[in-house]
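See below for the structure under consideration.
The values are calculated or read from the model by the stated rules, or taken from the named source; none is laboratory data. As the structure is a prediction and not an experimental result, all values here were calculated from the model. Positions of Cβ are backbone-derived with ideal geometry, glycine not excepted, and every protein chain shown enters the neighbour counts.
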Amino acid sequence: MVILADLTVTQPTAGGISLLELLVKGGVIIIPIILLSFLTIYIFVQKLLFISKNSKVERDFTNRILRELEKGKIDEALHVCRNNNSMGKIFESGVQFVGKPVREIEAIMETSANVEISKMEKHTAYLGIIAGVAPMLGFIGTIAGVITIFYNISMSDNISIGVISDGLYKKMVSSGTGLLVGVVAYACYHYLQMQIDKFMHKLQEEELHFIKSIQQ
């Protein structure tokens with residue numbers, strides 16, 4: 001009867017725990033980790049929208065510019081460039097120097113490309129920082145919790161498994177949360193870099209076609 005009574009008492013406490021309650025058990029260190037997660041989402045969404053918008057290129061973009069240049073219509077070629085985003089700005093700088101030596105055109109287009117790429121990469125480095133800092137914050141929270149647990153044990157002289165395991169699982173929440181935020185930030189950073197690399201590859205193809213054509 002005593003055993004049955006004990007089971008009846010302990011079963012309700014074995015229920016699930018909400019995510020919010022679990023995070024609260026992680027301690028104060030959870031706060032900066034959560035803030036980093038919001039910052040990760042904000043930077044990723046902002047930069048993804050910016051890169052998607054500025055990396056779009058109209059179909060037959062370079063050939064349209066070249067056709068206008070063949071007709072001697074520099075203004076029309078510049079108009080085609082200005083109707084595009086980053087790619088258009090890069091080619092606009094090249095069209096303005098048509099008639100100059102090819103090396104000069106290549107140099108100015110390369111400089112313009114570097115400016116546009118730097119705009120795309122702006123603030124993405126923060127994601128790399130978050131990917132490294134968030135897990136470290138989580139580990140700090142866990143270590144601080146473990147120190148507190150053993151300090152309390154030394155003061156109370158109570159080394160029961162229940163006390164130790166309960167304290168540890170609460171403090172491990174900070175490590176798990178920090179690792180999760182770090183992984184997400186790492187993935188977001190590299191995804192944005194993949195999109196930028198994709199744009200750079202397309203830019204190099206179009207630029208090579210443009211330079212070869214004006215040489216002829």
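For region 115-153, filtered to residues that are among the polar types (S, T, N, Q) and assigned to a helix (DSSP H, G or I), the residue that is nearest to C188 (Cα to Cα) is S118. Does I43 satisfy the criteria of being assigned by TED's automatic domain parsing to the domain that holds A185 and either among the basic types (K, R) or crowded, with 19+ Cβ neighbours inside 10 Å (or both)? When the stated conditions are applied, I43 passes them. Here is the figure for region 24-64: residues that are among the basic types (K, R) and closer than 25 Å to Y191 by Cβ total 3.
Conditions (1) under 30 Å from K71 (Cα atoms); (2) in contact with a helix residue (DSSP H, G or I) (Cβ under 7 Å, 6 or more places away or on another chain); (3) among the small types (G, A, S), marked per residue:
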position: G94; (1), (2), (3): yes, yes, yes
position: E104; (1), (2), (3): yes, no, no
position: S112; (1), (2), (3): yes, yes, yes
position: T124; (1), (2), (3): no, yes, no
position: F139; (1), (2), (3): no, yes, no
position: T142; (1), (2), (3): no, yes, no
position: I147; (1), (2), (3): no, no, no
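Within region 47-57, the residues that satisfy the criterion of being surrounded by 13 or more Cβ atoms within 10 Å (Cβ to Cβ) and of a type outside the set (K, R) are L48, F50, I51, N54, S55, V57. Taken as a whole, the condition of being closer than 30 Å to T40 by Cβ, of a type in the set (V, I, T), at pLDDT 80 or above and surrounded by 15 or more Cβ atoms within 10 Å (Cβ to Cβ) does not apply to V146.
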